[in-house]
Amino acid sequence: MEIERIKRSLPSTPAFVYEESRILAALSVLAQARAVCGLKILYSVKALPLTTVLELIGPRVDGFSVSSLFEARLGAEFLKGAGTLHLTTPGLRAEELKEIAGLCDFISLNSLEHHRRFCPSIRGLASTGLRINPQLSFLDDPRYDPCRRFSNLGVPLQRLKQILDDRTLDPDSIEGLHFHTAYGSHSFEPLQRTVAHIEKHLGDLLAAARWINLGGGYVFGPHSDLAGLIEVVERLQNRWRLDVYFEPGRGIVGKAGHLVASVLDVFEADGKRVAILDTTVNHHPEVFAYRTRPQLAGESTGGAHAAILAGCTCVSGDVFGEYRFAEPVVPGDRVVFENVGAYSLVKANRFNGYNFPLLYAVDVDRRVRLVKQYDYEDYRRQWTA
Ligand SMILES: Cc1ncc(COP(=O)(O)O)c(C=O)c1O
C-alpha cells in the first residue's frame, strides 16, 4: 500500500506528507464539472497555502480564493496573472483596502456596513459582491456553522430581504453574491437547498448580479455524483445569467495529506494503554477544537489491542483518540493519520517548543522529496524580541 511505503521511506518523523497524485485526482473531479457546465473553480488557499501546492494547483484552476492581505499577496504571486483572485473576510481594514483591491479581482463584503464604507474605494479596481448568510443551517455544531444564530459571517438573508422590500438597498449596487455554508459535506443537497432558498427570497439581487460564489465546504472523490452541483450551476447560469464560482479547499487537498508520527513511549493508565507520539494535536488543531478523531491508516477495527494515541505536549487534552491494533503498540512504531491535508499545517503551532513536522511531497512518479524543514533558528526567530 502506498501509505505503508511512504511511512517506511521517511528518514524521520513527525512528518506531514502530501501526495500530488491525490491533489490531481481531486482536481480532475472538478474538471468534469468545469467541462460540463463551465463552473469556475477556485482553490481556497486557506486550507494549505504551501507554495509547492499553489504551483501544482494554480495552472489547473480558474483562480484562488483568499481571506486576508497576506493570502492575497501570496495568491497573486503564485497565480502569476493566470486566473482571478477572490476575497471575502470579516476582517477587512480601511488601510489595506487599496492594496487588496489592487491584487484581487472580486471582493465580497461581509456586512452592509462594509458595503457602505468600502464600495466607493473598491469600485473600478475589483468587482464588489456581498457575502450573505442564507440563514439555512445544515450543521448542528455552531463552531463551524456559518449560519448559526448571531453569525459573524455574512449579511443575514432576512435583513437583506427587508431592506430590498423597503427599497433602502439598490440591487444594482451589488455585482455579485457569495455564500459559504457547508462543512465537509459529501452531498450537494445543502447547496441545492441553499440556492433554492436564495432564489425564493433574493430574486431581485440574483437578477441584478453578474456572478455568484458558492463557497466551499464540500468533499468529493472519483465516484462522487456531481449531478446536484451541475444542476445548480446550470440553473444559476440559465435562469439568472450568472458566472458561477466554487471555492473548495478541503475537497482539493484534504485527502492528499498524511501526518506520520512515531511512538515515543507506551504505558498503562487506569487499565488502558497510552502511546505517546512525537507529534501533537497542535499539528492538526481541528482534532482538539472540533473533537474529531482522525482516521488512522491501516487501523484494525477488530484488533485485540487498543491504545490511546496521545500527543507529546503538557496538555491533558493532547489526544488523538483510542484506536485498535492487531499487535500491541510499542515504542518506535510509526502511525499515519490520513485525510489531514487541509487546515492542519496552516493552524499548527510550536507549543511547548515542539517543532513543526518535516514537510514532504510525493510526486506523481512516487518519489518522496523533502520540501521544507524548520529548525531551532526558526523557533528562536519567532520568539526573539
Ligand atoms: C468563505 C470560505 N470559502 C471557502 C472555504 C473552504 O472551505 P472547505 O475547505 O471546507 O472547502 C472556507 C472555509 O472556511 C470559507 O470560509
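The values are calculated or read from the model by the stated rules, or taken from the named source; none is laboratory data. If you're wondering where the values come from, they're calculated on a predicted model, not measured in any experiment. Every residue, glycine among them, receives a Cβ derived from its backbone with ideal geometry; neighbour counts consider all protein chains shown. For accessibility, only protein heavy atoms count, side chains too; no ligands or nucleic acids. Shrake-Rupley method; radii C 1.70, N 1.55, O 1.52, S 1.80 Å.
Brief remarks follow.
- Positions within the range 250-262 being among the β-branched types (Val, Ile, Thr) and either within 16 Å of the ligand (Cβ to nearest atom) or touching an Asp or Glu at 6+ places or on another chain (Cβ under 6 Å) (or both), in sequence order: ILE252, VAL253
- Residues that are closer than 14 Å to TYR245 by Cβ and open to solvent by 50 Å² or more (accessible area, probe 1.4 Å) within the range 94-106 comprise just one, ASP105.
- Unmet criterion (only one of (1) under 19 Å from GLU175 (Cα atoms); (2) of a type in the set (Gly, Ala, Ser); (3) out of contact with any Asp or Glu (no Cβ under 9 Å at 6 or more places or on another chain)) for GLY81: (1)
- Single residue of ILE174, ILE198, ILE230 found to be away from the ligand (no atom under 12 Å from the Cβ), free of Cβ contacts under 8 Å to residues at least 60 places away in the same chain and among the aliphatic types (A, V, I, L, M): ILE174
- Close pairs (6 angstrom Cβ cut-off, 6 or more residues apart or separate chains): under 11 Å from PHE220 (Cβ atoms) in the range 234-255, open to solvent by 70 Å² or more (accessible area, probe 1.4 Å) and within 16 Å of the ligand (Cβ to nearest atom) anywhere: GLY254/ASN339; LYS255/ARG22; LYS255/ASN339
- Lone unmet requirement of (1) more than 12 Å from the ligand (Cβ to nearest atom); (2) under 23 Å from ASP105 (Cβ atoms); (3) crowded, with 16+ Cβ neighbours inside 10 Å for GLU247: (1)
- Residue in the range 39-61 that is more than 22 Å from VAL233 (Cα to Cα) and of a type in the set (Phe, Trp, Tyr) present: no
- Filtering ALA182, ALA261, ALA269 for residues that are of a type in the set (Gly, Ala, Ser), crowded, with 21+ Cβ neighbours inside 10 Å, at pLDDT 95 or above and outside the structural domain of ASP145 (by TED's automatic domain parsing) leaves a single hit, ALA261.
- Residue check, GLY254 more than 25 Å from ILE23 (Cα to Cα), open to solvent by less than 20 Å² (accessible area, probe 1.4 Å) and not in a strand (DSSP E or B): no
- Within the range 107-136, considering residues that are open to solvent by 60 Å² or more (accessible area, probe 1.4 Å) and not in a helix (DSSP H, G or I), the one nearest to the ligand (Cβ to nearest atom): GLN135
- Within the range 208-224, at least one residue is in the same structural domain as SER108 (by TED's automatic domain parsing), within 26 Å of ASN110 (Cα to Cα) and open to solvent by 40 Å² or more (accessible area, probe 1.4 Å).
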